[in-house]
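Presented below is the structure to which this report refers.
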Amino acid sequence: MAQVTLMRTPTETALVQAFDAAKAYLPGDVESRAQAFETFNRNGLPHRRVEEFKYTDLRKLMHDVAPFAVKPSSTTAAAALSAARAFVGVEALQVPFVDGHFVSDGIAFDQLPEGVEIVPLAEALASGHDWLAHLSPVPWAKDNPVYQLNSSFMADGVMIKVTGAVATPIHLRFVTASTAAVATATRVLVLVDDGASVTILETHESPHGAAHQPNDVIELVAGDNTNVQHVRLNGEGDEALALSTLAVKIGADAFLNSINVVAGSAVSRHQVFAMFNGENSKAQINGVTMITGRQHADSTLMVEHAVPHCESRELFKTVIDGEATGVFQGKIIVPSHAQKTDGRMMSAALLLSDGGTMYNKPELEIFADDVQCAHGATCGQLDDELLFYLMARGLPRKEAESLLVQAFLGQAIEFVENESARDSLIASVEGWLKARA
Amino acid sequence: MPAVQETIDQVRLIDVDQYKYGFETDVEMEKAPKGLSEDTIRFISAKKGEPEWMLQWRFDAYKRWLTMTEPNWARVSYDKIDYNDMYYYAGPKNFPSPKSLDEVDPEILRTYEKLGIPLREQEVLAGVEPKNRVAVDAVFDSVSVATTFKAELAKAGVIFMPISEAIREYPDLVRQYLGTVVPVSDNFFATLNSAVFTDGSFVYIPPGVRCPMELSTYFRINEKNTGQFERTLIIADKGSYVSYLEGCTAPMRDENQLHAAVVELIALDDAEIKYSTVQNWYPGDSEGRGGIYNFVTKRGDCRGKNSIITWTQVETGSAITWKYPSCILRGDGSRGEFYSIAVSNGMQQVDSGTKMIHLGRNTTSRVISKGIAAGRSDNTYRGLVSAHRKATNARNFTNCDSLLIGNRCGAHTVPYIESKNASAVFEHEATTSKISEDQLFYCQQRGLSAEEATALIVNGFVKDVLQHLPMEFAVEAQKLISISLEGSVG
């Protein structure tokens, strides 16, 4: 039978060259990077024949490899950070990154809030820090090509250890200063000790008009009795191709609340790999996507109930205007011993224009017989009756639409516990709707 | 919630070890040379007395098949099939179309008697005329051995005959439609079927005719080492209606046998086709030895305005099921429905579902799927609902429930929902509490619990269609329908 061999794309060849060049200066153990890259390179960039990337064909969407960003000067970094706007009003401990590199200026490592320790990743990799052993908490994330690329190229990041109830949120600010397209690969590891609690805010901003290629990974290891709040905002520039991964391992009696809001990028893919590692825990994983023009946004989710008696709730809301494409792929896995699992996954999409496309793929993979798992997916346009109701009360059509869209997305945003972060997200929804009108 | 005892008992009744149709019939058979080659195809074509164009069609398919690879995306695993280690044609010896049933080998007739399939019209007609008479086309391995009620159907203008006969008698009609719904190059198994298909049924309902009785085909695999490749083509012309049933069984054997069928349905303006299947191929024993590999491509094309195609399937057999009866909703206002109950037991693997492809305006579809897994089986629902740009006001409702009995089996749901039209409204749900708030409220107000109400509504749904199955099939189906929804997941 004829065997089809896939041709290497120029992008794939460029990635090989980029890795060969990067090996020389990237910090830490080259061996593990080479291993990750080799695994990636065996299959190359994922394409539509690869089930997990069926709707996000990176072979097609990634035309080239942008040069990897170098560490900016401190004046450039300071200027970029003062210009960045995302979550500025939110009181938090700032952990800034410019062009994918951690900016330590202005952080008093010895005066951090009680219960927080921060170690720059580049240094840790170079010196072989103990905490590095906690990297890659979710084993099967390693099979993912986007994650493999990050493992190969990760240049900087931080490792954060939380040992108590930390009231001040930790704000990871990722800002790209370069106006020419650059690629970045960052990794953040958050270790949350038993009984600790923390709020992690994560914002990503880059200038418009340049095809930046960020690939960010944040890994959370939540111990027993922990409470972790995670809010992520993708505010990348209009030509960026943003790949991101959240890998999280949840201990017993713990609570994870994570939301990803997509308000930028030409192409984005956010992947969540969550694994329950202790009983009686709960995870609430939400997503909000607002896209227009020719944007493409993919939310991919895998939740493994590796232990019994856990509860997961997923709520993803997508609003599509123009000729944009939204993708939701979710998978709940329940092995045979994970009895009494309760999983509920919902994806709802609103198509505001005739040119938009929504792909929904909510999957269940269940081997235990005493569980409750459900999923739902809807796709449609705004309810005419509701619109009529509002318009009959004197609202112009666009305003009525905006109100309904706000309410629709608000259902996912209202889970955010930090009030000012929530207000910022609502403001970004309003901003998106205003730009639309 | 774990499954209720009643359900567990009922599923046990249809367990693999209880397979009732596993006997063999001893008749002298004639086979094509083992393996697949142009000679085999020539042999089949000659056996069927086919015209040259048909042979050419088969050759084209064969050539294409040689360049294709077996699909591996389904959630099933099996040993590699050796396509050269089986027979592609097996028919009772001395069997170039007997004139009447008396010429058919009595051993074969006894087989159908044992299976409960009436091949003698007079038996049916002798007593009080039953309400639902059924015309049967009986396919034994690669050959159609008998077709009943042909004359009566002809009076109504309905053509119902083995496809090999139709190729000879109505070549224009066959040529016009064959391969237009499932193209020769559609997929690996459909292409294989196009090259080597042996028999199956051909149905043509003329404009405005309501087919006077149920039509059915009963497929029986008997011979060892033989694959069955049947092809069914049903055309419902403008304003006509037909209900068609399909049943299948096979003897118990340690070896795996391949069954790769293609079914094409075509509904023109205002026509309606109901296609029901009770699939009960030998599922293998409880250790997973033997059983039929069932790789089937079924697709209906709602080509005309306001046409309707309904698929109903009750799947209890086969070691491996790979089957996605689909509807292409091309005509404006057309409607596709899919009702499925798939029960897997022992080591069975089921990967089944449907595709509803909305192309026309105001098209609607409904998918109701219930999967029940027991033993060490795997039961997957895989479905696609898509609306193309021009499918304005398309509407779909999908509900798939799975039930697990024991924790050594698996239930999986893999739905794909793709919408490219803003006015298309798609709902996919696996929660039993969201059927219709109004209906639920109505039932609950009258004293039913939420679960009773849900079961009542969903069962009412499915029953509605299953009641159209003839008696001999309905018994099994009814038994499954009564399985409660309690403890169902996703």
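Quick notes
- Filter result for the condition that a residue is more than 10 Å from every other protein chain (Cβ to nearest Cβ), touching a residue at least 40 places away in the same chain (Cβ under 8 Å) and under 30 Å from B:TYR293 (Cβ atoms), over B:VAL385, B:VAL343, B:VAL367: B:VAL343
- Strands (runs of 3 or more DSSP E) fully within the range B:237-283 counting 3 or more residues that are over 12 Å from the mean Cα position of the chain (by Cα), over 23 Å from B:LEU36 (Cβ atoms) and modelled with pLDDT under 95: B:241-249
- Annotation note: of B:PHE160, B:PHE229, the sole residue that is modelled with pLDDT of 85 or more and in contact with a Leu (Cβ under 6 Å, 6 or more places away or on another chain) is B:PHE160.
- Matching residues in the range B:406-419 - criterion: being crowded, with 23+ Cβ neighbours inside 10 Å and of a type outside the set (Gly, Ala, Ser): B:CYS409, B:HIS412, B:THR413, B:PRO415, B:ILE417
- Selection status of A:GLU311, more than 7 Å from chain B (Cβ to nearest Cβ), more than 30 Å from B:SER423 (Cβ to Cβ) and either without any contact (Cβ under 8 Å) to a residue 24 or more places away in the chain or among the acidic types (Asp, Glu) (or both): yes
- Residue within the range A:381-397 that is facing chain B (nearest Cβ under 8 Å) and surrounded by 15 or more Cβ atoms within 10 Å (Cβ to Cβ) present: yes
- Residue in the range B:216-225 that is closer than 27 Å to B:GLN56 by Cα, surrounded by fewer than 22 Cβ atoms within 10 Å (Cβ to Cβ), of a type outside the set (Asp, Glu) and more than 18 Å from the chain's Cα centre (by Cα) present: yes
- In the range A:88-102, residue farthest from A:LEU233 (Cα to Cα) [restricted to those that are at pLDDT 95 or above and touching a helix residue (DSSP H, G or I) at 6+ places or on another chain (Cβ under 6 Å)]: A:VAL98
- A:GLU419 being over 30 Å from B:ASN379 (Cα atoms), more than 7 Å from chain B (Cβ to nearest Cβ), out of contact with any His (no Cβ under 8 Å at 6 or more places or on another chain) and among the acidic types (Asp, Glu): yes
Residue-wise test of (1) in contact (Cβ under 8 Å) with a residue 40 or more places away in the chain; (2) touching a Phe, Trp or Tyr at 6+ places or on another chain (Cβ under 6 Å).
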position	(1), (2)
B:ASP285	yes, no
B:GLY291	yes, yes
B:CYS302	yes, no
B:GLU315	no, no
B:SER334	yes, no
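- Selected residue [more than 22 Å from A:GLY376 (Cα to Cα) and either under 18 Å from the mean Cα position of the chain (by Cα) or modelled with pLDDT of 95 or more (or both)] from A:GLY355, A:GLY287, A:GLY251, A:GLY326: A:GLY251
- Counting the residues of the range B:194-236 that are touching a residue at least 40 places away in the same chain (Cβ under 8 Å) and not in a loop (DSSP other than H, G, I, E, B) gives 23.
- Per the listing A:VAL192, A:VAL231, the residue uniquely within 27 Å of A:GLN111 (Cα to Cα), in contact with a Phe, Trp or Tyr (Cβ under 9 Å, 6 or more places away or on another chain), among the β-branched types (Val, Ile, Thr) and surrounded by 20 or more Cβ atoms within 10 Å (Cβ to Cβ) is A:VAL231.
- Residue match in the range A:382-401 (condition: within 19 Å of A:PHE273 (Cα to Cα) and of a type outside the set (A, V, I, L, M, F, W, C)): no
- Subset of the range A:347-380 that is more than 7 Å from chain B (Cβ to nearest Cβ) and not hydrophobic (A, V, I, L, M, F, W, C) - its residue that is farthest from A:ALA437 (Cα to Cα): A:SER347
- Being of a type in the set (A, V, I, L, M) and free of Cβ contacts under 8 Å to residues at least 40 places away in the same chain holds for only one residue in A:LEU125, A:LEU93, A:LEU112, and it is A:LEU112.
- Residue within the range A:328-347 that is within 22 Å of A:GLY264 (Cβ to Cβ), among the aromatic types (Phe, Trp, Tyr) and touching a residue at least 60 places away in the same chain (Cβ under 8 Å) present: no
- No other residue among A:THR13, A:THR39, A:THR56, A:THR9 is among the β-branched types (Val, Ile, Thr), surrounded by 12 or more Cβ atoms within 10 Å (Cβ to Cβ) and within 14 Å of chain B (Cβ to nearest Cβ) apart from A:THR56.
- Exactly one residue out of A:ALA92, A:ALA84 is surrounded by 12 or more Cβ atoms within 10 Å (Cβ to Cβ), more than 26 Å from A:LYS142 (Cα to Cα) and touching a Leu at 6+ places or on another chain (Cβ under 7 Å), and it is A:ALA92.
- Check on A:ARG344, of a type in the set (Lys, Arg), more than 9 Å from chain B (Cβ to nearest Cβ), under 23 Å from the mean Cα position of the chain (by Cα) and on the phi < 0 side of the Ramachandran plot: no
- Within the range B:27-132, helices (runs of 4 or more DSSP H) holding 2 or more residues that are at pLDDT below 80 and more than 14 Å from chain A (Cβ to nearest Cβ): B:106-115, B:121-126
The values are calculated or read from the model by the stated rules, or taken from the named source; none is laboratory data. Worth saying up front: this structure is predicted, and the values here are computed from it rather than measured. Neighbour counts run over all protein chains shown; Cβ positions are idealised from the backbone, glycine included.
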